[in-house]
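The values are calculated or read from the model by the stated rules, or taken from the named source; none is laboratory data. Worth saying up front: this structure is predicted, and the values here are computed from it rather than measured. FYI the Cβ positions are ideal-geometry reconstructions off the backbone, even for glycines, and counts take in every protein chain you see.
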Number of protein chains: 4
Amino acid sequence: MRVGVLTGGGDCPGLNAVIRGVVRKGVQEYGYGFVGFRDGWRGPLEGDTVPLDIPAVRGILPRGGTVLGSSRTNPLKHEDGIRRIRETLAKEEVEALITIGGEDTLGVAARLSGEYGIPCVGVPKTIDNDLSATDYTFGFDTAVGVATEAIDRLHTTAESHMRVLVVEVMGRHAGWIALHSGLAGGANVILIPEQRFDVDQVCGWIESRFKVRYAPIVVVAEGAMPKDGDLVLKHGTKDSFGHVRLTGVGEWLAKEIEERTGKEARTTVLGHTQRGGTPSAFDRWLATRFGLHAIDAVRDGDFGKMVALRGTDIVRVPLAEATAKLKTVDPKLYAEAGVFFG
Amino acid sequence: MRVGVLTGGGDCPGLNAVIRGVVRKGVQEYGYGFVGFRDGWRGPLEGDTVPLDIPAVRGILPRGGTVLGSSRTNPLKHEDGIRRIRETLAKEEVEALITIGGEDTLGVAARLSGEYGIPCVGVPKTIDNDLSATDYTFGFDTAVGVATEAIDRLHTTAESHMRVLVVEVMGRHAGWIALHSGLAGGANVILIPEQRFDVDQVCGWIESRFKVRYAPIVVVAEGAMPKDGDLVLKHGTKDSFGHVRLTGVGEWLAKEIEERTGKEARTTVLGHTQRGGTPSAFDRWLATRFGLHAIDAVRDGDFGKMVALRGTDIVRVPLAEATAKLKTVDPKLYAEAGVFFG
Amino acid sequence: MRVGVLTGGGDCPGLNAVIRGVVRKGVQEYGYGFVGFRDGWRGPLEGDTVPLDIPAVRGILPRGGTVLGSSRTNPLKHEDGIRRIRETLAKEEVEALITIGGEDTLGVAARLSGEYGIPCVGVPKTIDNDLSATDYTFGFDTAVGVATEAIDRLHTTAESHMRVLVVEVMGRHAGWIALHSGLAGGANVILIPEQRFDVDQVCGWIESRFKVRYAPIVVVAEGAMPKDGDLVLKHGTKDSFGHVRLTGVGEWLAKEIEERTGKEARTTVLGHTQRGGTPSAFDRWLATRFGLHAIDAVRDGDFGKMVALRGTDIVRVPLAEATAKLKTVDPKLYAEAGVFFG
Amino acid sequence: MRVGVLTGGGDCPGLNAVIRGVVRKGVQEYGYGFVGFRDGWRGPLEGDTVPLDIPAVRGILPRGGTVLGSSRTNPLKHEDGIRRIRETLAKEEVEALITIGGEDTLGVAARLSGEYGIPCVGVPKTIDNDLSATDYTFGFDTAVGVATEAIDRLHTTAESHMRVLVVEVMGRHAGWIALHSGLAGGANVILIPEQRFDVDQVCGWIESRFKVRYAPIVVVAEGAMPKDGDLVLKHGTKDSFGHVRLTGVGEWLAKEIEERTGKEARTTVLGHTQRGGTPSAFDRWLATRFGLHAIDAVRDGDFGKMVALRGTDIVRVPLAEATAKLKTVDPKLYAEAGVFFG
């Protein structure tokens, strides 16, 4: 049996660990052959392949990025996308596809499996941790670690100077990175996309912080938005989901804080440093196990499924269900963190 | 209401994060007062206290160790231990105790709550992750991270030289740290206390590794033991649980490997570096949430319970149940890792 | 003998290591007493002191920031500044001052020593490494390390996506951090304040990079400026030195690159994460030795001097000389790095 | 012109950065061709080569180890070693050799250049920093960083428990790593090979430490030896230099401390973790510059020389001189550190 593997969507530490887990177990325990498809769905669409065997996965466990390349290509938007994929699979004698990706990539896999009878197994991937049906996605722990280390460093600056320090972290639609790194780093304000913030309330927290101790640290998710709609209209842009998004909310917020409180404010934008580099031990463990269980699902002929973490177990859930809705921060969880604000 | 807090047993990154979570929420949301007891159960036994309020918990979140100190004192082994604890609690007007510790500390808390009517809430703590009833304990992720980083570094040495590299990690009775760091680090052999190892099989893996690629890395838990009973009798010692334990298994194994394979072998003993230093972001998050939920249990009068992680939820479980048996590595999980051996 | 210590100017990892070195040696070897002055020159100006003895310096070695606090107060700008300082020193029975700071703080110390007979010894401090007379200042190695780790992480993102990644690092007047981290991180373009850059040349390097390999990484010092004066006039602001400075050069450059090359570009602004957090081993070593040698200078009565690193030796140089001119990047050194551009 | 490159001796972070610097500048600025020799002097001896061009050095900057492999082969110990090297160089049309290595590798290069007219340029490499004629060697800063981080972690354990923590670091003949990491980590005792230690004095420091504060941390270089000759004779082994070396001095010292002070002692042996993994920013910078300057020396026809760091400059020194004697820790420098003992 020959199995195809592809990685789609944004960069995420742990992709290579999944690929390695899939190939090591597939070759050694089940005797499968593998074909790597280059750049996500573009690979099977255009018949662009890379060799994928034991030597090809050596040494890739600790490396960020993906040896298969990635793209946002959507084969369902090509008129004859399905036919071309079928042709590639036939030509390569591939009988099953392991698709590693986020909402978009897995959404395609769900439809290929469900509507077109192309046997797919999914592996969830999103740095933002906003996929339902799995407790965590790999990459998230690494991103939280990078952001937390940055906040740790800012604390000593905050101790010596009377400046507000704003840290903008990833998270367009879900505030998981902001919430976890903000709590782990001991931030004094955490702002997430799930709940519009009130700049005056933020300034209130900042001022009360200054009264009892050194300067405050504000963690803001890139997708967080102020309550005041006009501001959004003035500064915001529409993203591909049609959501209005404030560009550079960190920089914008720092300026508002300076104007309203009279305190100096400085911004750090962590950007892509959160999604690159070597994965954390947790992410390597999770990604490796996802890989081992994905190839088991292939062996079991259990297609149309995605592997997922539940507690400490890896389980299988229907792909369609997994991508149905975004996993956003529970208001209760956010409220729990509120005890540390101000 | 006044609440006492103590930390018992071995060092573990995240203890301070628990204490901070307890105090911040207790003071700010419930208006409680706090008393810190010094050095685990020695504190209430001898009436040794430290002030515990908002200023006392500032800045302690990222710090390893415990601001309350710790010890292995067991009040049940003192003839009038219970009476003395009651006296201290009465004198300090403490109506509830939050006890943060491992098997021993929580075992005492279980009996104090169950048999003597002293209201306790437990917070589980073990670097070894071997407590039942919780998916993870804080400190474990940090230890795995330290061990994984060490293994990462050893890989480049292994690439350039023809030496076997043995890494001895923590884990007397359970192999969680060895298993997780071994998988995350891409070790070629992982040896855990749950399953006696066969030195010849280990040497076989090592030799097969040399054939296809550079030198192998062997991760061995400090409590791992070879199959051959005589060796154990010759080199082993009995620990406080009455288990025979091989002293310095890493050093011993390296010598055996050298003799049997003729390859040079070198040992790294990570020792206490695994349980010190700043906690990982995951451990800070978990420890903070444990603290917030422990004080909630106090407020609810829900004593004789321990907070625990289940998936992404914090739940409460009976203390007695939590400490009933050690959580060891599931043989299936260990077998899963076997695909990477050799 | 009683010695005063103060830290002035911006935050810098290693300040506490200096203070500890001064106090440990001063107390243990010379039997001196110490007075800490709070917030730089504000301390002696207003008579604001903190106790400074062996217990006060315990555990501070690995901590960023300064236990003495800092400020940019300049006593020479106060009409009766000198008189007030003399009064404080007399009242506190302080016979010598150790002043730890950058250009401004040391400039004041030079004049106090030279013109007013107030015995000062200086310890150089600048994250930017732009002080003449010393090979390195502490804090710089830490900042370079933080920036290099960020660049490392960006490489894996660059490998997987076709985006230009711009990293803005510290350095208003000197490009040392950009140069060192850019070289250590394998950046494809490094832009420094010492040499105005040509946006079209930058775009040329970017395009040639895309031709042979994955996306380029551009490291730009915050003080770097494009050749085109008009741009500067449009976007720039004057800083306290009267230099026109482009605000947010990273963000600005990313937009220019997008417009001119048609490639997506993303910006990371590391900001104050570069000057906070625990110092690197090198910085702790350097700062500790600066502290030990500064107190030796006091014992020798060798005032008006600053300690400095020359090779592996700590030497003493006249304060006046040390602050005379900025140490900027030698054009030859910058040219040397040019082999890696594009 | 074609240039050969080889790396000899032990593993050291930064080797790949040198190779990359040599090749990038040699190809791009001087139009040279390159030949990589595999496994140190074994390569030219046996005619074992690897292709070495721009694609071969891509992405290797942050990686530990050496893409050329290494060995301790000494061609001067082969009867016709010189003749075979000449043959290989002639066959490969190599007109100059860049040899990257320590005492042994450079010693061979010195004789090849001086006695046999084979044009060599040397690049110094030793993790131990014990080569004369250069302020620092790359790899050393990385090793010190690894050891310092370990000591940092041990501090929090020392704070919570009453145990002596012994850390054994690298350094057979020179105590640079012990001295720098001990000072940077705030160790309470530092023991180096240059000065035999007195176990009773060590125990005295330990006991005085316990009196004023938490448990002490002892950093001991692997080559450190106690004063008592009998102990050495009983436990020691002779190394290849004929020096008697105590095997496992850390473990041995911990036991002595336990016996003499009655305190528990634990040992951490960092081993090869100190010489593997990604190089620090400082080491990448130094190694890169060494590479750039080594190829300049080739272009200048300046053979029989080694590049070296003096202050912030890269200079050239005669190979023969550079390897004449070991650079050990100056007793004055060691005495300077003594203020922190106990």
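What the table below lists for this structure:
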| item | result |
| --- | --- |
| Entirely in segment C:58-172, the strands (runs of 3 or more DSSP E) that have 1 or more residues that are away from chain A (no Cβ under 14 Å) | C:96-101, C:120-124 |
| Test set (1) within 30 Å of B:Thr148 (Cα to Cα); (2) in contact (Cβ under 8 Å) with a residue 40 or more places away in the chain - D:Asp152 fails condition number | (2) |
| Residue check for B:Ala184: away from chain D (no Cβ under 13 Å), part of a helix (DSSP H, G or I) and without any contact (Cβ under 8 Å) to a residue 60 or more places away in the chain | yes |
| Any hit, segment C:58-67, residues being of a type in the set (A, V, I, L, M), closer than 16 Å to C:Phe290 by Cα and out of contact with any Ser or Thr (no Cβ under 6 Å at 6 or more places or on another chain) | yes |
| Residue identified as under 15 Å from A:Val5 (Cα atoms), more than 25 Å from the chain's Cα centre (by Cα) and in contact (Cβ under 8 Å) with a residue 40 or more places away in the chain among A:Glu92, A:Glu87 | A:Glu92 |
| Residues within segment D:302-327 that are surrounded by 17 or more Cβ atoms within 10 Å (Cβ to Cβ) and not polar (S, T, N, Q), tallied | 14 |
| Total residues in segment B:24-34, condition without any contact (Cβ under 8 Å) to a residue 60 or more places away in the chain and buried (at least 22 other Cβ atoms within 10 Å of the Cβ) | 1 |
| Cβ-Cβ under 7 Å pairs, at least 6 apart or on other chains, segment D:117-135 side hydroxyl-bearing (Ser, Thr, Tyr), far side not in a loop (DSSP other than H, G, I, E, B) | D:Ser132/D:Ala322; D:Thr134/D:Pro124; D:Thr134/D:Ala308; D:Thr134/D:Leu309 |
| Given (1) of a type in the set (A, V, I, L, M); (2) within 23 Å of D:Arg83 (Cβ to Cβ); (3) within 14 Å of chain B (Cβ to nearest Cβ), index of the condition D:Leu15 fails | (2) |
| Output for segment B:187-215, where each listed residue is part of a helix (DSSP H, G or I) and under 27 Å from B:Leu326 (Cα atoms) | B:Val199, B:Val202 |
| C:Val212 over 28 Å from D:Gly291 (Cβ atoms) and either surrounded by fewer than 24 Cβ atoms within 10 Å (Cβ to Cβ) or over 19 Å from the mean Cα position of the chain (by Cα) (or both) | no |
| Qualifying positions in segment D:120-135 - crowded, with 21+ Cβ neighbours inside 10 Å and of a type outside the set (A, V, I, L, M, F, W, C) | D:Gly122, D:Pro124, D:Lys125, D:Thr126, D:Asp128, D:Asn129, D:Asp130, D:Thr134 |
| Within segment B:187-197, considering residues that are β-branched (Val, Ile, Thr) and closer than 22 Å to A:Arg20 by Cα, the one farthest from the other protein chains (Cβ to nearest Cβ) | B:Val189 |
| Segment B:35-57 - residue that is among the β-branched types (Val, Ile, Thr) and in contact with an Asp or Glu (Cβ under 9 Å, 6 or more places away or on another chain) and, of those, farthest from the other protein chains (Cβ to nearest Cβ) | B:Val35 |
| Strands (runs of 3 or more DSSP E) wholly inside segment B:230-317 that include at least 1 residues being within 14 Å of chain D (Cβ to nearest Cβ) and modelled with pLDDT of 90 or more | B:265-269 |
| Residue in segment D:90-135 that is nearest to D:Val146 (Cα to Cα), counting only those that are of a type in the set (A, V, I, L, M, F, W, C) and out of contact with any strand residue (DSSP E or B) (no Cβ under 7 Å at 6 or more places or on another chain) | D:Ile127 |
| Single residue of segment C:40-83 satisfying the filter (on the phi > 0 side of the Ramachandran plot and modelled with pLDDT under 95) that is surrounded by the most Cβ atoms within 10 Å (Cβ to Cβ) | C:Gly65 |
| Condition check for C:Gly9: surrounded by 19 or more Cβ atoms within 10 Å (Cβ to Cβ), within 19 Å of the chain's Cα centre (by Cα) and not in a helix (DSSP H, G or I) | yes |
